[in-house]
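Novice: Before anything else, here's the structure in question.
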Amino acid sequence: MTDRRRTNPPNGGTAPPIFLSSLSTADSLQSKRPSRTRRPDEIRKIFLKTGLNPSATGSAYLELPLPTPPPLPSSTFLPASSSLKLTCSIHGPHPLPRSQPYSPHLQLSTHIKFAPFASRVRRGYVRDAQERDLAAHLDTALRGVVIGERWPKSGVDVCVTVLEGEEDAWWGGSNVLQGDNSGVRGEGADGGGNWGAMTVLAGCVTVASAAMVDAGIDCVDLVSGGVAAVVEDSTAWNEGNGKGMVLDPSPPEHERVVAAAMVAYLQSRDEITELWVKGDAGIDIEDLINGAVHAASGSRTVLAEELREAGERKFGEVAKSGSEKVLGTRPGVSNDVDMTG
Amino acid sequence: MANSTSTSILSFPPQTFAALSPSAFLHAHLNPTSSQSSSTRPNRRSPTEFRVPNINTSSLSHANGSAVVRLGNTAVVCGVRGEILKAEDIPKTYNDLAKSPDETDEEKELNYTTIQELGLLVPNIELSTGCAPQHIPGNAPSAATQSLTHRLRSLLYTSRLIQSSDLRIWSRPANSDIDPGREEEEDEGQDRAPRIKAYWTLYIDVLFIALDGGAFEAAWGATIAALRDTKLPGAWWDADREMVLCSDQLEESKQLSIRGLPVSATLGIFVAEKGRSAKAAPNKRLMRGLGDSGATHHKQEHGAEAWLLADMDAFEEELCQEQITVVLDYSTGKTKILKIEKNGGTFVNIEEMRHMLRLAEGRWIEWKNHLEASKR
């Protein structure tokens, strides 16, 4: 299979390197396994910055640093876990092309693409089904916050690039390194695993929300993403019991993920625009969703803080001289009231 | 219309002026009316001032080498990843001339072509990441992307940056004192001469996060920085398992040896529109931005004014009819030109070309300092 528009690999085809240590049994690797060091209800630190791409209307960058920082300098080629890195650019609103039918609302089109080096196994250039699925999820999450009626006949492109994704499971417990994603040892009923996608999506929601504000597209509230999971561990934080709920899970840190929920949450309106639950949570499902909402509220704090700082950077002195007063006298705000009233 | 009553009051904010009449806007900046102010571009750089590169390396956990390069508002991420091509998988029998893992420098030079014949470098540039409004994701690579990728690949091969000897994996550990135990495991019956069992293939992926001109220079800079950061794990042929195995220990890894340090510099020629240049003083120097060395200029037949602009941003790239890309290597103390690409226009003569090369040499020093600082 050749792609005439890109540089192709050599004809024989290549395979990712196989490390000697990954061939040994999982038991002997247990010492290298990352374990959760933060409390079950503690989320990872979030680094968020807006306005990275001046040629876009709005843009943002989000990073979740490594959950357990490796000892420096690292001595191995196999990173224990990865740290999520996302960039988002928003282009538009721009007029829809003539070929498109009339639309009374803003037409959102969301794109999510993983970089080839985003995961342990190299990814392709063409968008695959998972990326399209995530983009559809992101679309529903954003659709609920954008005030689309203000831009009839217009479209906006939300482009998220995943520079580094979240892993679905610990590499030592599976054949991930040999390019086989099919079975993770002790996998839940849904087979695929794919737990990392939820963290990626939650990050996508938060970063897109920040970029949306940077682009100046009217939204009813800030939307933020959060994940919670029911995990099973034999030796970890809750000894004896083994099963419990954690916020913002990093799948490599747990032996088994039983169920996970991801929400896109509007805190000040107490609304959920997107809910995605996987696995069998049983009767704990309400707790699980509440946990995800709690995680989303945590990331919203970072989101709001960064946007406030970005606002100060953008509008400089005006914002410093007393933000409440300025907000009240901003002409845009009073216009809004007239229009809706 | 507003201008029917009073033309003197009509004034635009700079952005509007730039959007309405970009060429005149740039010309007004380069040719200020007051004589004491020097010509400054709309991005506040002087005509021959390059943007300072900002380089970060080793930030991606799943790449063997990576770099983030920022050039003003252009931001590029490059990740290099090694995968293994087994010698037996190569469709046509390929006769590698290399005889042993310990080649002399001359032999390395002779056997260089392997890398190109097998296509062991796989560079790809991705522009459709939403880096600019014209590059929206979901489309096949545009003509611009394909041409950039092609230029990157051909330069990687012609500059002979990476040596084939670094990419060969032999049937015996190249350096037997790495792990003597491993060698004993090998079959005694087999002939002891080392054989090439596999090759490393380097996937070089360049992603544009933000694009504001200087695409090739940024992509090339990121590629160089990432390759200089690349470490390939120690690999050997395991006869029992009949596969290539790698060690995950960093101390057994091998830093990719990069030959020389080619650096790309892009310059543009901006020619003022005829209507405006007629108003300009006719006896002024035609080619601006060349400093005093370019004082002797013959008159262009059109009589138009031209400026030399270094490292254009997206706005200037639109307006420059003529673009020159120079790739040179100064690391041996002598200027080695790897590539000059000049397209369009008749405004550059030999004398000016020399001046541009001098500017590119200055640019080389700037890149080198930043590349070395990023490595530590």
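Novice: Would you work out if the stretch B:11-151 is rounded, prolate or oblate? Take a ≥ b ≥ c from the square roots of the eigenvalues of the alpha-carbon gyration tensor; rounded if a/c is under 1.5, else prolate when a/b is larger than b/c, oblate otherwise. Walk me through the intermediate numbers first.
Specialist: Details: a/c = 3.02, a/b = 2.32, b/c = 1.30.
Verdict is prolate for the stretch B:11-151.
Novice: Please report A:219, B:131 as a ranked list, fewest other C-beta atoms within 10 angstrom at the top and most at the bottom. Walk me through the intermediate numbers first.
Specialist: Working: A:219 16, B:131 30.
Final ranking by Cβ density, sparse to dense: A:219, B:131.
Novice: Let me ask something additional. For the stretch A:77-176, what is the Kirkwood hydrodynamic radius in Å, using each pair of distinct C-alpha atoms? Please list the in-between numbers first.
Specialist: Numbers: mean 1/r = 0.0644 Å⁻¹.
For the stretch A:77-176, inverting the mean 1/r across all distinct Cα pairs yields 15.5 Å.
Novice: Mind checking the mean number of beta-carbon atoms from other chains within 10 Å of the Cβ atoms in B:59-70? Please list the in-between numbers first.
Specialist: Values: counts 5, 9, 14, 15, 7, 3, 0, 3, 0, 1, 0, 1.
Mean inter-chain Cβ contacts per residue within 10 Å come to 5.
Novice: In addition: Under the definition of partner shielding as Cβ atoms of other protein chains within 10 Å of a residue Cβ, what is the mean value for peptide B:76-84? Before the final figure, lay out the partial values.
Specialist: Details: counts 0, 7, 1, 7, 1, 6, 3, 8, 5.
Mean inter-chain Cβ contacts per residue within 10 Å come to 4.
Novice: What is the mean projected area of the alpha carbon convex hull for the stretch B:217-259, to one decimal in square nanometres?
Specialist: Working: hull surface 16.4 nm².
The orientation-averaged projected area of the Cα hull of the stretch B:217-259 comes to 4.1 nm².
Novice: Using +1 on the beta carbon of Lys and Arg, -1 on that of Asp and Glu, and nothing else charged, what's the dipole of the stretch B:1-137 about the Cα centre, debye to 20?
Specialist: Values: 10 positive and 13 negative charges, 244 e Å.
With Lys and Arg at +1 and Asp and Glu at -1, about 1180 debye.
Novice: Something else: Please work out whether the stretch A:5-66 counts as rounded, prolate or oblate from its C-alpha gyration tensor, where a ≥ b ≥ c are the square roots of the eigenvalues and a/c under 1.5 means rounded, while otherwise a/b larger than b/c means prolate and anything else oblate?
Specialist: Values: a/c = 5.68, a/b = 1.13, b/c = 5.02.
Note, shape of the stretch A:5-66 comes out oblate.
Novice: Here is a follow-up. Say the cut-off is 31 Å between C-alpha atoms; which of B:99/B:334; A:49/A:113; B:86/B:342 go over it? Intermediate values should be presented prior to the final figure.
Specialist: On the way: B:99/B:334 33 Å; A:49/A:113 20 Å; B:86/B:342 41 Å.
From the list (B:99/B:334; A:49/A:113; B:86/B:342), the Cα-Cα distance tops 31 Å for B:99/B:334; B:86/B:342.
Novice: May I ask you to sort A:38, B:195, B:363 by Cβ crowding, counting other Cβ atoms within 10 Å and putting the fewest first? The partial results should precede the final answer.
Specialist: Working: A:38 17, B:195 13, B:363 24.
Lowest count first: B:195, A:38, B:363.
Novice: Enumerate the whole-percent occupancy of each 10 Å bin, from 0 to the last occupied one, for all C-alpha pair distances of the stretch A:239-303.
Specialist: With a bin width of 10 Å, the distribution comes to 20, 51, 25, 5.
Novice: Taking 19 Å as the cut-off for C-alpha to C-alpha distance, list the pairs among B:336/B:368; A:85/A:278; B:92/B:197 that go past it. Intermediate values should be presented prior to the final figure.
Specialist: Working: B:336/B:368 15 Å; A:85/A:278 23 Å; B:92/B:197 15 Å.
Cα-Cα > 19 Å for A:85/A:278; rest within.
Novice: How would you rank B:48, A:206, A:301, going from fewest to most other Cβ atoms within 10 Å of each one's own Cβ? Kindly include the intermediate steps, with their values, before the conclusion.
Specialist: Values: B:48 20, A:206 29, A:301 13.
In order of increasing Cβ crowding within 10 Å: A:301, B:48, A:206.
Novice: Rounded if a/c is under 1.5, else prolate if a/b is larger than b/c, else oblate: which is the stretch B:8-47, with a ≥ b ≥ c the root eigenvalues of its Cα gyration tensor?
Specialist: Working: a/c = 2.33, a/b = 1.43, b/c = 1.63.
Note, shape of the stretch B:8-47 comes out oblate.
Novice: Which far-off residues, 5 or more places away or on another chain, put their amide H under 5 Å from the one on residue A:53, with H placed in the peptide plane?
Specialist: Excluding prolines and chain starts, which carry no amide H, the hits are A:59.
Laboratory data are not the source of any read-out in this text; all were calculated from the coordinates shown. Note that the structure is a prediction, hence the values are computed from the model and not measured. All Cβ positions, glycine included, derive from the backbone under ideal geometry; neighbour counts span all protein chains shown.
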